Amino acid sequence: IGRFAASSLALALLVAAPPALARVGDGGRQEARVAGRCSAGATSELRLRSRDGTIRVEFVLKRRAPRESWRIVLVHERRVEWRGTVRTSAADDSFRIRRSVRDLVGPDQVTTRASGPHGLTCVASATLAG
């Protein structure tokens, strides 16, 4: 797949991934957890938890290939909050990203997109009701 085709595929995955809706946990805190949509050979999960005016974002990606570089983009309400490059570890072939974003008034949508080697992608999107 060429670079343009891979980008188009990633965009289609981003649009096609329906956001998970939050559930209310203990003490009125909200939480959302969703499995990402990944290319063959990878799995991912996105977890959001609200607490004290912030949303804790946790993104986990697992792949059976050690020491691969993945580019990650974290989007909160259509605004890029963080981007970076992460490597899967040699020990467990996975990585975990943890970040915090402000809990805005109303529903908050968070989307993560991971781009790996050979055109592999993972996309996950979740919404906290607010």
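The values are calculated or read from the model by the stated rules, or taken from the named source; none is laboratory data. Remember, it's a predicted structure, so these values are computed and weren't measured experimentally. Every residue, glycine among them, receives a Cβ derived from its backbone with ideal geometry; neighbour counts consider all protein chains shown. Please note that ligands, DNA and RNA were not included when accessible areas were found on the heavy atoms of the full protein model with its side chains. Shrake-Rupley method; radii C 1.70, N 1.55, O 1.52, S 1.80 Å.
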- request: May I ask you to list the residues in segment 79-103 that are open to solvent by 70 Å² or more (accessible area, probe 1.4 Å), at pLDDT below 95 and touching a Lys or Arg at 6+ places or on another chain (Cβ under 7 Å)?
  value: R87
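So is S89 outside any strand (DSSP E or B), at negative phi and among the polar types (S, T, N, Q) or not?
Yes, satisfied.
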Pair list, Cβ under 7 Å, 6 or more apart: segment 72-84 residue without any contact (Cβ under 8 Å) to a residue 40 or more places away in the chain, other residue aromatic (F, W, Y): L74/W82
- prompt: Among the residues of segment 35-86 satisfying the criterion of being on the phi > 0 side of the Ramachandran plot and acidic (D, E), which is nearest to the chain's Cα centre (by Cα)?
  reply: E77
- line: Counting only residues that are more than 13 Å from S44 (Cβ to Cβ) and open to solvent by less than 20 Å² (accessible area, probe 1.4 Å), segment 104-126 contains a total of 2
- request: Among the residues of segment 28-49, write down those that are assigned to a strand (DSSP E or B) and open to solvent by 20 Å² or more (accessible area, probe 1.4 Å).
  value: Q30, E31, R33, V34, A35, R37, C38, T43, E45, R47, R49
